[in-house]
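The values are calculated or read from the model by the stated rules, or taken from the named source; none is laboratory data. Computed from a prediction, not measured in an experiment: that's the story for all the values here. Backbone-built Cβ (ideal geometry, glycine too); neighbour counts: all protein chains shown.
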Amino acid sequence: MPVSKRARLVHESKTTKKNHKEQTRRLFTNIRESVDKYDRLFVFSVDNMRNTYLKDVRTEFSDSRIFFGKTKVMAIALGNTAETAYAENLDKLTPFLTGAVGLLFTSRPPADVLAYFDSFSPLDFARAGTVSTRAFTIPNGVVYSRAGEIPVSDDEPISHTVEPALRKLGVPTRLIKGKVLLELTDGEKGYLVCREGETLDSRQTTILKMFGVASSEFRVLMKAQWEREDHTVTVLEKSDAEMDVE
């Protein structure tokens, strides 16, 4: 039976498309308004980005304003040259706006800001493609849940239900009387999961997570600072390429 031309599918809910031009315009305006409102501006970069920890930073600096991403818009809002700079010397910050960077507008004392970020470095599980900051080996014998990361007296043998997953990941294990043991050849002291400085793959990061090994450090690194009162720019972290902000 042919479908009636009068039949129409009517959606009761409609999704409004994002207006990217409007978002860009709003970001541009918000950055310039923040220049006028706050005493100072920091350019920062992020190592081992995690949205959860960035939210913690936003919560801590709820009296300030943070912008992250869209570096081209940030650069245009601040000004790429002395002629286009929204305020004096803001153009000297644009060389730092590369990679995973953001802007922190605040009126807090600089020493307080720097002290907070120096002490804020939570650990998380590494992701594939990151460089290992340490070596990790599963000791020979009975496999424990933390694999030697804590004293055996404080640990407990890993559950037998995990053994198939370990074997699937290439760890030479076997079950003996309900306990998971490493099945190694003579002379081997343990199963090497990764070496320090090695680029991790998904198999290695999965094993590290199974044993609760968090080796990825979330860090916010301050790169440069601008003061609204006297328009001075202070380089807090120099890159390999010399950046002249004098």
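Odds and ends about this structure:
- Residues that are in contact (Cβ under 8 Å) with a residue 40 or more places away in the chain number at least 2 in the following strands (runs of 3 or more DSSP E) confined to region 151-199: 179-182, 190-194.
- LYS209 buried (at least 19 other Cβ atoms within 10 Å of the Cβ) and within 25 Å of TYR53 (Cα to Cα): no
- Neighbours by Cβ (under 6 Å, 6+ apart or cross-chain): first from region 87-100, closer than 15 Å to ARG228 by Cβ; second in a helix (DSSP H, G or I) and modelled with pLDDT of 95 or more: ALA87/VAL35; LEU90/LEU78; LEU93/LEU78
- The residue that is farthest from VAL233 (Cα to Cα), counting only those in region 55-86 that are touching a residue at least 24 places away in the same chain (Cβ under 8 Å) and aliphatic (A, V, I, L, M), is VAL57.
- Failed item, numbered, when ALA165 is tested on (1) touching a strand residue (DSSP E or B) at 6+ places or on another chain (Cβ under 6 Å); (2) over 30 Å from TRP226 (Cα atoms); (3) of a type in the set (A, V, I, L, M): (1)
- Leading residue by the ranking (surrounded by the fewest Cβ atoms within 10 Å (Cβ to Cβ)) among those in region 41-60 that are part of a strand (DSSP E or B) and under 12 Å from the mean Cα position of the chain (by Cα): ASP47
- Within region 111-142, the set of residues being in a loop (DSSP other than H, G, I, E, B), touching a residue at least 60 places away in the same chain (Cβ under 8 Å) and of a type outside the set (A, V, I, L, M) comprises PHE120, SER121, PRO122, PHE125, ARG127, GLY129, THR130, SER132, THR133, ARG134.
- The condition of being within 30 Å of VAL235 (Cα to Cα) and under 23 Å from the mean Cα position of the chain (by Cα) holds for SER132.
- Qualifying positions in region 112-140 - farther than 26 Å from GLY197 by Cα and exposed (fewer than 13 other Cβ atoms within 10 Å of the Cβ): ASP112, ALA115
- Any chance LEU103 is of a type in the set (A, V, I, L, M), within 24 Å of the chain's Cα centre (by Cα) and not in a helix (DSSP H, G or I): yes
- The residues of region 169-206 that are within 17 Å of SER145 (Cβ to Cβ) and surrounded by fewer than 19 Cβ atoms within 10 Å (Cβ to Cβ), listed by number, are LEU169, LEU175, GLY178, LYS179, LEU181, GLY190, THR206.
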